[in-house]
C-alpha cells in the first residue's frame with residue numbers, strides 16, 4: 001500500500017510555481033475547479049517510490065489576508081483541506097516581498113518546504129540563499145530550484161517526502177510580547193487543544209473570543225488590530241530576509257528596465273504594440289495554412305481511402321461505408337484538419353503571456369481604454385479571449401470591482417476564438433479573393449461590437465466611476481520552448497478530445513437524422529431537412545436559405561466548429577463516392593514529402609512582410625464545391641458575422657452563468673443573438689446590393 | 001464626472017503648484033519619471049492599501065518612477081515593478 005501525500009503549492013504571482021509543478025508532475029497535470037467556486041484549479045499526480053503524491057497549485061497571492069477571491073481560496077484550502085506539506089515557492093530575487101506570505105504560511109504550523117526558485121536570476125544578481133541557516137532558524141528544509149531547466153526539482157521532491165514522513169511543524173513564529181500574551185490568553189480561554197497561530201490571529205482580529213485582547217492592544221498601540229498584526233508580520237518577514245539572504249555587491253545590468261524604456265514608451269510602445277499584434281495575426285495564419293492543407297490531404301486523400309478500402313475488404317456494407325465517409329471523414333475529420341491552426345494560435349498566445357508582455361499591454365492601453373470607461377487591466381481577459389472565451393471569462397476575477405468584471409465579461413464573447421477562425425478561414429478562402437482581409441475585418445468587427453456594448457452598458461446599467469487598479473509587471477523572460485509546447489499540447493489534446501466526443505456525437509446525430517426515415521431516396525425529405533426548414537424563416541432574412549445550413553447551426557450551439565463537421569456530414573452525402581483505390585507505399589511516401597514541403601512553406605511564408613497565405617487554392621475539392629453552391633459571397637459574409645457575434649458556445653454560456661448568474665448569461669445570450677442577427681441582416685442586404 | 005477624470009489624467013504639476021504649503025504631505029502621485037522617493041505611510045489603511053503593501057510597496061521602501069502613462073504610474077521597488085493608478089498613488093505619502 002502506497003502512502004499518499006497531499007502537497008499544497010503556495011507563492012506570490014509570477015514566481016514560477018506552475019512551471020515547477022510542471023517539472024514535478026509532468027504531463028499528469030490537470031485543470032479542475034475548486035469546489036464551490038469557479039476558479040481554475042491546477043493539480044497534478046505523481047507516483048514516486050512508495051508514495052502517491054497529489055499536488056495542488058494554490059492561486060498566486062501576495063498575502064493570506066482575504067482581500068479578494070484568490071486569497072479566500074488559498075486560506076480556505078489550507079484550513080479545510082489540511083494538506084500534509086506546504087511548499088512555499090519564493091522568487092529568490094524578490095524574497096523580501098515574498099517572505100510576508102512565508103510568515104503567514106508558517107503560522108499554520110504545518111510541515112513546510114521552502115523552494116527558492118529562479119536561482120539562476122538570483123546568482124546573476126549576486127543573491128545567495130543560506131539554506132543551512134534556514135534549517136537552523138525555521139527547522140524546515142530550503143531547496144534552491146530553477147524552474148527553467150528543472151534544476152533542484154529532484155531535491156525538492158525528496159524534501160517534500162521527508163517533510164511528510166517527519167511530520168514536524170516548523171519552529172513557531174514569535175511576534176512581539178504584547179501580541180504573544182494576547183494570543184496566549186485567547187488560547188487559554190478556548191481551553192481544549194492547541195490552536196494554530198493563524199487561527200488565533202483571526203480570533204484576535206474578530207469580535208468574538210479575542211475581543212477583550214483586541215481592545216487592549218488597539219488602546220495601547222493606538223492603531224487598528226489589522227495594522228498591528230501586519231506590522232508584526234512585516235517585522236518578522238524582514239528578519240527572515242536579513243537572516244537568510246546575502247547580497248554581494250554586483251553591477252547588475254537590468255534587461256527589463258532597458259526593454260521597458262522602449263516597449264512602454266508613450267509613442268514607440270504603442271507602435272510596437274500594433275506591430276506585435278500584426279505579427280501574431282500573421283504567424284497564426286501563415287505558419288498554419290500549409291500544414292492545414294497537408295492535414296486535409298492526409299485525411300481525405302490517404303487515411304480516409306485507406307480505412308475505406310480496409311472496411312471494404314472486411315466485407316462492410318454500403319451502410320457502414322456511408323457512415324464512415326460522411327460522419328467520420330466528412331464530419332470529425334473535417335474539424336481535425338484545423339489542428340495546426342489551433343496549435344499555432346495557442347503557441348503565439350503562450351509566448352505573449354509567458355514573456356511578460358501581456359500585463360504591459362494593460363498598462364499601455366489603459367490610456368485609451370479608460371476613456372471608454374474600461375479598465376486597462378481588463379484587456380488581459382480580452383486578449384485571452386482570442387485563445388478561448390472560457391478561461392477568459394474566468395480571468396475577469398482579477399478585476400477588483402464587480403462592475404468592471406461584468407463589463408469585461410460582456411465583451412469577451414465578441415473576441416473571436418480559434419473555433420470561429422476555423423469557420424472563417426474555410427468560408428473566406430472559398431468566397432473572397434483576399435481572405436486575410438476579410439478575416440481581419442471580422443476580428444475587428446467583433447472588437448468594435450464589444451466596445452460598443454461596453455460603452456452603452458457603462459452609460460446605463462453599470463454607471464459609475466472607473467475603479468483604480470494595481471498590478472505587477474513581471475520581468476521579461478524568454479519562455480522555455482519545452483514548457484510552451486507542453487501548454488500547446490494540452491490545448492490540442494483538449495481539442496482532439498472534443499473532436500472524439502462532442503463533435504463525433506454531433507456528427508452521428510446529424511448523420512442519423514439525415515438518414516431518417518430509413519430507406520430514404522432524397523435527402524431533402526429527411527428528418528434533418530425537416531428540422532432545418534423549420535428554423536429557415538428566421539434565418540432567411542440574413543441570407544441563409546438552405547436547410548442544410550440551418551440544420552448545421554443547431555448542433556453548433558455546443559461549439560462553433562461543429563457547424564463545419566455537421567455541414568461536412570450533410571454535404572459529403574452528396575459528394576459522389578469515387579471509391580478510388582490507393583496504393584499504400586507510394587501514397588505514404590507522397591504524404592511524407594507533402595509534410596516536408598508544407599513545413600518549408602510555413603517557415604518561408606513567415607519572412608514575407610504581408611499575410612501571404614489564405615489564397616484561394618482549395619478549388620477542386622468536391623466537398624468545398626458542393627458547399628459553395630449554397631452560398632453567395634454576401635450570404636457567406638452574413639453567415640460568418642452571425643457565427644462571430646452570437647454566443648454559439650455552450651461552454652462560454654455555462655461559465656458566464658457560473659461567474660455571473662443564470663440571468664446574466666441567458667440575457668447576454670439573447671442579446672448576442674439579436675445583435676448577430678441585426679448586423680448580419682444589414683451586411684447581407686448591403687452586400688447583396690453591391 | 002467626466003471633468004474630474006480628465007483632471008486626474010493630467011500630470012500633477014498643477015496640483016503641486018496650487019498647494020505648495022510647507023506642511024503639505026507629498027504623495028507618490030506627484031512624482032515625475034526618474035524621481036526617487038521613500039514611502040512614509042498610507043493615508044488610508046484600507047484593503048487595497050494592504051494589497052499594495054503586500055505587493056512590496058511598504059513603509060520605508062525606496063521607489064523609482066519608471067514611466068507614467070495616462071492615469072497609470074509604473075514604479076520599481078527592490079526588484080519588483082508595480083503599476084498603480086493615480087487615485088491609489090495619492091494615498092501613498094512619500095518623502
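Any read-out appearing in this document is the output of simple, stated calculations on the displayed coordinates, not a laboratory observation. Bear in mind that the values here come from a model prediction, so they are computed numbers and not experimental data. Ideal geometry is used to build each Cβ from the backbone, glycine not excepted, and the neighbour counts take in all protein chains shown.
Helix A:435-459 versus the longest principal axis of chain A: what is the Cα-based angle in degrees, 0 to 90, to the nearest 10? In chain A, helix A:435-459 runs at an angle near 50 degrees to the longest axis. Post the alpha-carbon centroid distance, region A:57-98 to region A:204-263, in whole angstrom. For region A:57-98 versus region A:204-263, the Cα centre distance is 15 Å.
Could you work out the mean count of beta carbons from other protein chains within 10 Å of each residue's beta carbon in A:364-370? Each step should come with its number before you reach the end.
Working: counts 4, 3, 6, 5, 1, 1, 7.
Partner-chain Cβ atoms within 10 Å, mean over residues of A:364-370: 4.
Could the peptides A:267-274, A:403-410, A:496-503 be put in order, highest first, of the mean number of other beta-carbon atoms found within 10 Å of their residues? Don't jump to the answer; show the numbers that get you there.
Numbers: A:267-274: 13.2, A:403-410: 22.8, A:496-503: 16.8.
Averaged packing, sorted descending, gives the order A:403-410, A:496-503, A:267-274.
Taken over the alpha carbons of the protein assembly as shown as equal point scatterers, the Debye sum produces base-10 log I(q)/I(0) values at 0.08 Å⁻¹ of -0.78. Rounded to the nearest 10 degrees, the inclination of helix A:153-166 to the longest alpha-carbon principal axis of chain A is 50 degrees. For region A:442-511 versus region B:52-94, the spacing of their alpha-carbon centroids is 30 Å.
For chain A, relative contact order (Cα pairs under 8 Å, six or more residues apart, normalised by length) works out to 12 percent.
Look at the stretch B:62-73: the mean tally of other chain Cβ atoms within 10 Å of its residues' Cβ atoms is 5. Legend: ranking of residues A:259, A:442 from fewest to most surrounding C-beta atoms inside 10 Å; resulting order A:259, A:442.
I need A:280, A:64 ordered by Cβ neighbour count within 10 Å, fewest first.
With the sparsest Cβ surroundings first, the list reads A:280, A:64.
Tell me whether region A:417-500 comes out rounded, prolate or oblate; compute the Cα gyration tensor, take square roots of the eigenvalues as a ≥ b ≥ c, and use a/c under 1.5 as the rounded threshold. Taking the square roots of the gyration eigenvalues as a ≥ b ≥ c, region A:417-500 is oblate.
Over the protein assembly as shown, what is the percentage of antiparallel beta bridges among all DSSP beta bridges, to the nearest 5? Each step should come with its number before you reach the end.
Numbers: 38 of 59 bridges.
Antiparallel bridges make up about 65 percent of those DSSP assigns within the protein assembly as shown.
Distance between the pseudo-spin-label points of residue B:41 and residue A:45 (7 Å out from Cα toward the beta carbon): 5.5 nm. The ranking of A:208, A:286, A:120 by Cβ neighbour count inside 10 Å, starting from the fewest, reads A:208, A:120, A:286.
With the convex hull of its Cα atoms as the shape, region A:270-689 has an orientation-averaged projected area of 21.6 nm².
Mean separation of Cα pairs under 8 Å and 6 or more residues apart, divided by the residue count, gives region A:1-252 a relative contact order of 19 percent.
Helix A:402-411 against the longest principal axis of chain A: what's the angle in degrees, Cα atoms only, rounded to the nearest 10? Compared with the principal axis, the helix lies near 20 degrees.
Using a 10 Å cut-off around each Cβ of peptide A:351-359, what is the average number of partner chain Cβ atoms that fall inside? Show your work: numbers first, answer last.
Details: counts 0, 0, 0, 0, 0, 1, 0, 0, 2.
Across A:351-359, the average partner-chain Cβ count within 10 Å equals 0.
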